[in-house]
Structure formats: structure tokens, C-alpha cells
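S.K.: Below you'll find the structure I mean.
No lab work stands behind these numbers, since they all come straight from the coordinates. Owing to the predicted nature of the structure, the values given are computational and were not obtained by experimental measurement. Methodologically, a virtual Cβ is constructed for each residue, glycine included, from the backbone with ideal geometry; neighbour enumeration extends over all protein chains shown.
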Amino acid sequence: MLRLYGKHRFLLLMLLPAFVCTFILSYVPLYGILIAFKDYRITGGIWDSPWAGFKHFEMLFTASSNFPRVLRNTVFISVLKLLFVFPASILLALMINELRNGALKRVVQNISYLPHFLSWVILGSVLTEILSPSRGVVNLIIQSLGGKPIYFLADTHWFIAILISSDVWQSIGWGSIVYLAAIAGVDPHMYESAELDGAGRIRQMLSITLPSIMNVVTIMLMLAIGNILNAGFDQIFNLYNFKVMEVADILDTYAYRIGLEQGNYSLSTAVNLFKNVIGLILVIMANKLASRFGHTGLW
């Protein structure tokens, strides 16, 4: 083993800066978890703040009347995104792969990638203008057809649909890159053999393309399951308002309010620690299920 390390010592040295950056930026800040177990005071810092044990977790699960609601909203929104946003990227990758015109394929890819590079501050402003009840193009069309304007972002029945559809718009192109790369690795001779056997394009897609990228789909699905309690803080924070708080308030916005607005950093850290522990458990469970069904796992 030492001989193998010595043989590749220069490659390992090239990895050293990445390891150092990961350690400094990802592992050193983990000591901040202690805030969840202390009555944190800014003046005293983490180490000089008094220990509180599991006090803040008890407050979270017993005294906090908002916690069940925000947890329910988070899971509901995340599950909807898993059902609609996750497969949308796979579907787009399959459709792009079927395009034979190279120029058209590049145009479609560039257009679908573009929203990913815009922050939700910009996208939220665009959506607010498009859906505005007074000057938005959607409501102008509704009124021209004889309908009444709808305040989409202030209506609890419409808000979740806006969240899901806008997330598809923002992430579908970027998410398809991984699947397009996996599709590019499929042996082209398999398609030629299938074509000789009389298989059409749809049959080739279902019988060759999808099974060939299923391991990649499984890995991406496991990562998505691990993020089930991350319902999209940036998106919701830039779109929600007090009229839709009942359905739009999630764990991240709740932690933001009690942490940065109310100054209760210990309770805010407890919320985020709870969220990350549940995410870790879900990833481990998903990995075991994937291995049991014969798919490649994360480890």
C-alpha cells in the first residue's frame, strides 16, 4: 500500500489543496454544532456560552407550536419536487438525446441551462412581474378572455403549483447534464443491434437508454432523498409572503426567522442539526435499499 502511495505521490500532492480547502471550509466549521447544545451568547462566543444540553431540542419538539406545521410543509413541498422536478431532468435528457440536428440540440441545451445561472432574486422578480395581478402578462391574458385577475403568489391554492413549476424551469436543464453524460457512455452498437431487430426509437429508449443509465439515476435519487428536508430556501424566501405562510413556511425559513430575526441562534442551530441528521439517515437507508435491489450505491 505504501509503495502504491509512493508511486502516485505527485498525483496525491495535486489533490492536497482540495483536501485542505474541504477540511477548512467543510469540517472545521462543524464545531458550530455546539451552539445547539448551549445558550449561545454573541458576547461570550461558543466556548464561553453556558451548556444547555438538549433544552433547545425539547423546546423545538414540545414548546414550538410552529414546528409541526413547518415540518409538514417542508416534507410536502420536497416530495412534490421529488415527484415532478427530479424526473423532469431525466425526461429532458432523453428528449435531447433523440435530437439528430446538432445545432438544434445545442440551442435547446443552452436555453434550458440559462435559468440555472440566474439567482432566485432575479427569477423571483421575473415571476412576480409575470404573475402580477395588475400588470402581469398571465393576468392580462386571463382578463382578455373575460376572467378576473388572480394574485397567484398570495393564493395558497396556487402558490405550491408556482413553486414546483418554477423549480422545474430553473433546474431541469442543469440537472439533465449528468444524464446526458451517462447516455453518451452507452455502447452505440446496442442501438444498432436493436435497430436491426426492428426496435423503434421509443423501444430503444425504454429498453437500452433507461436501463443503461439506471445506476446514475439511482445515485441522483439517493442524493435527492437525502435533501428531502431542503425544500429550497432561496426560492421560497424570494417568493413567499405572509398570506401564504400557512403552506410556504419551511424549516429553512423558520430557522432564518428565529435565528437572524429573533436572535435565538441556539434554537436555529437545533433546527438545522435536526434537518441534517434526518437527511443522513435517509441517505443511509436509500443506499441500503439500492444495494439490495442490485444498483450501485454511494459506497
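S.K.: What's the longest uninterrupted piece of the chain once you rule out the trypsin sites (Lys or Arg not before Pro) that are loop residues per DSSP with at most 13 other Cβ within 10 Å?
M.R.: Answer from the scan: 136-299.
S.K.: Roughly how many Å is it from the Cα centre of region 180-199 to that of region 227-290, as a whole number?
M.R.: 42
S.K.: Which ³J(HN,Hα) values, rounded to whole Hz and listed in residue order, are derived for region 102-115 from phi using the Karplus coefficients 6.51, -1.76 and 1.60 in 6.51 cos²θ - 1.76 cosθ + 1.60 with θ = phi - 60°, glycine and proline given as x?
M.R.: After applying 6.51 cos²θ - 1.76 cosθ + 1.60, I find x, 5, 5, 4, 5, 5, 4, 5, 4, 5, 6, 6, 3, x Hz.
S.K.: Let me ask you something else. Rounded to whole Hz and in sequence order, give me ³J(HN,Hα) for region 200-211 from the Karplus expression 6.51 cos²θ - 1.76 cosθ + 1.60, θ = phi - 60°, writing x for Gly and Pro.
M.R.: Each residue of region 200-211 in turn: x, 5, 5, 4, 5, 5, 6, 9, 10, 5, 4, x Hz.
S.K.: Using the Cα centre as the reference, give the magnitude of the dipole from point charges on the C-beta atoms of the chain (Lys, Arg: +1; Asp, Glu: -1; all else neutral), rounded to the nearest 20 debye.
M.R.: 400
S.K.: If amide hydrogens are placed 1.01 Å from N in the peptide plane, which non-local residues have theirs closer than 5 Å to the one on residue 38?
M.R.: 52
S.K.: Run the numbers on region 109-254 and let me know its relative contact order in percent, using alpha-carbon pairs under 8 Å that are six or more apart.
M.R.: Once normalised by length, the contact order is 30 percent.
S.K.: Continuing with this model, one more query. How would region 167-299 be classified by its alpha-carbon gyration tensor: rounded, prolate or oblate, with rounded meaning a/c under 1.5 and the a/b versus b/c comparison settling the rest?
M.R.: Prolate, because a/c is 1.5 or more and a/b exceeds b/c.
S.K.: Based solely on its DSSP helices, what 222 nm [θ] is calculated for the chain when runs of n ≥ 4 H residues each add -39,500 (n - 2.57) and the sum is averaged over all residues, nearest 500 deg cm²/dmol?
M.R.: -20000 deg cm²/dmol
S.K.: Enumerate the calculated ³J(HN,Hα) couplings along region 263-268 in order (Karplus 6.51 cos²θ - 1.76 cosθ + 1.60, θ = phi - 60°), each rounded to whole Hz, writing x wherever the residue is Gly or Pro.
M.R.: x, 8, 5, 5, 5, 5
S.K.: Further question on the same structure: Just tell me which lysines come within less than 28 Å, Cα to Cα, of residue 148; anything on the same chain fewer than 8 places away is out.
M.R.: Cα-Cα hits under 28 Å: 243.
S.K.: What percentages, rounded to whole numbers, describe P(r) for region 7-72 computed over all alpha carbon pairs with 10 Å bin width beginning at zero?
M.R.: Using 10 Å bins, I get a P(r) of 18, 25, 25, 16, 12, 3 for region 7-72.
S.K.: Less than 28 Å apart at the alpha-carbon level, and either on another chain or at least 8 residues along: which lysines does that give for residue 105?
M.R.: 81
S.K.: Which lysines does residue 38 reach when only Cα atoms under 17 Å apart count, and residues fewer than 8 places away in its own chain are ignored?
M.R.: 55
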